[in-house]
1. Which of the following residues is without any contact (Cβ under 8 Å) to a residue 40 or more places away in the chain, surrounded by fewer than 18 Cβ atoms within 10 Å (Cβ to Cβ) and polar (S, T, N, Q): Asn231, Asn245, Asn175?
2. Please list, ordered by residue number, the helices (runs of 4 or more DSSP H) wholly in region 289-390 having 3 or more residues that are without any contact (Cβ under 8 Å) to a residue 24 or more places away in the chain.
3. When both residues are 6+ apart or on different chains and their Cβ atoms are under 7 Å apart, which pairs have a first residue that lies in region 120-148 and is under 17 Å from Asn163 (Cβ atoms) and touching a residue at least 60 places away in the same chain (Cβ under 8 Å), and a second that is within 14 Å of the ligand (Cβ to nearest atom) and in a loop (DSSP other than H, G, I, E, B)?
4. Going by the conditions given, is Val280 in contact with a Cys (Cβ under 7 Å, 6 or more places away or on another chain), among the β-branched types (Val, Ile, Thr) and at negative phi?
5. So, Asn163, is that one of a type in the set (S, T, N, Q) and farther than 22 Å from Thr338 by Cα or not?
6. Mind checking whether some residue in region 257-280 is more than 12 Å from the chain's Cα centre (by Cα), in a loop (DSSP other than H, G, I, E, B), surrounded by 19 or more Cβ atoms within 10 Å (Cβ to Cβ) and hydrophobic (A, V, I, L, M, F, W, C)?
7. Hey, which of the strands (runs of 3 or more DSSP E) in region 24-96, taking only ones fully inside, have at least 1 residues that are more than 21 Å from the chain's Cα centre (by Cα)?
8. Restricted to region 313-372, and to residues that are over 22 Å from the mean Cα position of the chain (by Cα), β-branched (Val, Ile, Thr) and surrounded by fewer than 14 Cβ atoms within 10 Å (Cβ to Cβ), which residue is nearest to Cys218 (Cα to Cα)?
Amino acid sequence: MKKHILISGAGIAGLTAAIFLSKQGHIVTIIDRSTSFSKAGFLISLKSFGVKIMDELGLTQNLQAESSPSETVHFVETNEEIIQSINYDKMNENIERSVLISRGGLHHVLHEAIKKNVNILFDTTISQLEELEDHTKVTLSNGNIIPVDLVVVSEGLRSDTRNKYFKNFQQEDFNTLYLGGKLKQSHSYNVGVFKIYIDVHKMLSIYPIAQDEIAIQCYIRSFEDIGTIKNNTPSILKNSFHDYNGQVQKLLNDLLNNGLVFVDKMGMINTPNLVNGRLVLLGDAGYCPTALSGMGASLSIYGAKALAHFMEEYPNDILTACESYNRLMQPIIEKFQTNARNNAASFIPKSEADLEKFVNGFRAATDNDVQKIMTEPIVLTEDQTNFTLN
Ligand SMILES: Cc1cc2nc3c(=O)[nH]c(=O)nc-3n(C[C@H](O)[C@H](O)[C@H](O)COP(=O)(O)OP(=O)(O)OC[C@H]3O[C@@H](n4cnc5c(N)ncnc54)[C@H](O)[C@@H]3O)c2cc1C
C-alpha cells in the first residue's frame with residue numbers, strides 16, 4: 001500500500017532513501033534546511049556494497065563519470081619518508097570495487113536521479129511532530145501541516161529532529177577538527193598518486209584528482225567546541241602545519257582562500273534504537289561512523305536500501321519494517337564504529353611514542369597485513385548483504 005513518507009535531510013542518505021521509496025510507489029516529500037546544495041567536501045571512497053547498490057539503481061555510468069582517478073596512496077612521515085605505499089588495484093582485489101568520488105559529485109548523481117520524481121523543499125525544517133493513532137502530523141517551518149505514515153530523519157550528525165524527539169542516544173566526541181575540501185588550481189603533484197602525512201595529533205591527506213584540481217583533508221586534535229573550531233579554522237590549520245614544507249603550507253593557504261571547504265568536529269551517534277514510533281533515523285543522524293572509518297556514505301546508502309527493503313517486506317506494518325531495519329543495522333553500526341575508533345587511535349596518534357609504534361608497525365606490515373588492515377573492516381556478511389535477520 002502506498003505510504004506518505006517525509007524525508008528530512010537531502011544528503012546522501014536522504015536522497016538514496018527517496019530513490020528507493022519512490023520506486024516502490026510511495027509518496028515521498030523531501031525537505032532540507034539549506035537554501036541550496038553545496039558541492040563542498042572531500043572525497044568519498046564508495047566501497048563494494050555501496051557501489052553495488054548504485055549499480056542496482058542504474059547509476060554506474062553517472063558514478064564513473066564523476067569519479068576521480070586513484071593509483072597509489074603513500075603514507076608518509078613529516079620528513080616525507082614513506083611509511084607504507086598502497087596500490088588501489090591491489091587493495092580492491094578483496095572488495096571487488098571501490099569508487100573514489102567527491103562528496104559533491106556523489107550527491108549530484110543521486111540528486112539528478114531523483115529530481116524529476118520528487119520535489120525538494122529547501123529552507124524547510126520540521127517545526128513540530130505529533131504522533132496520532134494511525135499517522136504522524138508534521139508541522140513544517142513554512143507553516144504547512146502534512147499527515148505522514150513515516151518520517152525518515154536523515155539530517156546528518158547534528159540533526160535537530162533527532163535531538164528533539166530521540167532521548168536515548170549519545171554523541172561520541174572525537175575531539176578532532178575535520179576539514180575536507182577541494183581546490184581548483186594547477187599543481188605539480190602526480191594525478192592519482194596520493195599522500196597522507198601521519199603526525200602526532202594530526203593527519204593530512206593530499207589527493208591530486210586532476211591536472212588542475214586537488215582534494216585535501218585533514219584531522220587535527222582539538223578540544224574546543226564546534227563553534228570555536230569553525231570560527232578559528234584558518235589559524236588552527238596554520239599553527240598545526242607551520243613546520244611542514246613550503247608547498248604544503250601554500251596549498252593549505254590557497255585552500256582556505258579559494259577552496260570549497262567543509263569543516264566539522266568529528267563525532268558519531270550511538271543509539272540503541274534507530275526508531276521512535278513512526279520516526280526513523282538514517283545515515284549520519286543515527287549511526288555515522290566518523291569520516292575516519294571511510295564508510296559514512298556507503299553505510300548511508302546501505303541503510304537507505306535496507307529500510308526500503310523492509311518497507312517492501314512488511315507493506316502494511318511500518319512499525320515491524322522499522323524494527324527489522326533497526327535489528328539489521330545495530331551489529332553493522334557497532335562494527336563500523338569500532339573500526340572508526342581504532343582508526344582514530346592509529347592514524348591520529350596521541351603522542352610521539354604512539355606515532356613511533358604505529359609507524360614501525362605499519363612500515364613492517366606485509367602486503368597481506370595491509371590488505372587485511374584496509375579491507376577486512378569494510379566487508380559485510382552475506383546475510384547482511386541480503387538483509388537476512390538471524
Ligand atoms: C556540505 C557537506 C560536505 C561534506 N563533506 C564531507 C567530507 O568532506 N568528508 C566526509 O567524510 N563527510 C562529509 N560530509 C558528510 C557526509 O556527506 C556524510 O558523512 C555521509 O555522506 C552521510 O550522509 P548523510 O546524508 O547521513 O548526512 P549529510 O551528508 O550530513 O546530509 C544531511 C542533510 O540534512 C540537511 N539537514 C541538516 N539539518 C536539517 C534539519 N534540521 N532539517 C532539514 N534538513 C537538515 C543538511 O543540509 C544536509 O543536506 C559532508 C556533508 C555535507 C552536508
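1. Within the list Asn231, Asn245, Asn175, the selection yields Asn231.
2. Of the helices (runs of 4 or more DSSP H) lying wholly inside region 289-390, those with at least 3 residues that are without any contact (Cβ under 8 Å) to a residue 24 or more places away in the chain span 318-347, 352-364, 367-375.
3. As it stands, the answer is Thr125/Arg33; Thr125/Ser141, since those pairs meet every condition given.
4. So Val280 passes the test.
5. The answer is yes for Asn163.
6. Yes, region 257-280 contains at least one residue that is more than 12 Å from the chain's Cα centre (by Cα), in a loop (DSSP other than H, G, I, E, B), surrounded by 19 or more Cβ atoms within 10 Å (Cβ to Cβ) and hydrophobic (A, V, I, L, M, F, W, C).
7. 27-31, 72-76, 82-87
8. The residue in question is Thr366.
The values are calculated or read from the model by the stated rules, or taken from the named source; none is laboratory data. Note that the coordinates shown come from a computational prediction; the quantities given were computed from them, not determined experimentally. Cβ sites come from the backbone with ideal geometry, for glycine too, and all protein chains shown count toward neighbours.
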